Amino acid sequence: MRLDTIQRRKARGGFEAALGKEELVNRMYQIIKTGKEGLDGFVQELGVMLVEAIMDMEREERSGPQYQPVQAGVYKWAYQKGSFHLGDRKVFVRHPRLRESRYEEARRMLLDFEKWLRGINESAADSLLEAFEEILTLHRLKVPAVLRKTLTCTNPIESMFSTVRDGEGNIKRYRNSAMSQRWLATVLLHCEKGFRRVKGYLGIAEVMAMIDQIQQEEDCVIRKAA
């Protein structure tokens, strides 16, 4: 079989995989119906698909596939509007973003946010400064990207709260505070049976090692000061 025939068949298979056979037939019909205008539109759409696919592949090479990061601190960060020129036309695309998470960078961004917030509400800015270092805990501990995604949301704890509410709703009598605490402990042990491993749990050992290292450094500073 001739090489150009093989390449045409591969190209056709690629179009069918990207668009679907029925959709591809409809596009061909529209192109024939509308002529050059339809062909130009189809070429533009293919160009956008190709450029977005290339950018997504480049981002994946740097950050790794979903939940499998290849470089600590570098992770996918949504999309932003972008554009490129196809012939004499400016075509808009979705530009994938990467985020490099460092403590120094996060601290600088939070300070910039505090300055902006102070111009609107000084009380809110003061509250932010009170918990400034606590907000940056995940950055300071260099928590891996997948585990950080779990720890930066409240979904795990809210799921447990929901189960606790359902369980305590069946309790009708409390003699005293100690009994309330025992019932709560019992309900929590019941909740534990339904717990699942959090995404990125393999990074917990790395975080614990970082906590020990920071603690040792702080103890060393205290001893030197004494």
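The values are calculated or read from the model by the stated rules, or taken from the named source; none is laboratory data. Just so it is clear, the structure is predicted and the values come from calculations on it, not from any experiment. A quick note on method: Cβ atoms are made from the backbone with ideal geometry, for glycine too, and the neighbour counts reach across all protein chains shown.
Got a sec? Which of Glu114, Glu104 is at pLDDT 85 or above and either touching a Leu at 6+ places or on another chain (Cβ under 7 Å) or within 30 Å of Met57 (Cα to Cα) (or both)?
Working: Glu104 fails: at pLDDT 85 or above.
The unique qualifying residue is Glu114.
Can you pull out every residue in region 151-202 that is aliphatic (A, V, I, L, M) and either assigned to a loop (DSSP other than H, G, I, E, B) or at pLDDT below 80 (or both)? Those that are aliphatic (A, V, I, L, M) and either assigned to a loop (DSSP other than H, G, I, E, B) or at pLDDT below 80 (or both): Ile171, Val198.
Among the residues of region 186-226, those identified as free of Cβ contacts under 8 Å to residues at least 60 places away in the same chain and β-branched (Val, Ile, Thr) are Thr186, Val187, Val198, Ile204, Val221, Ile222.
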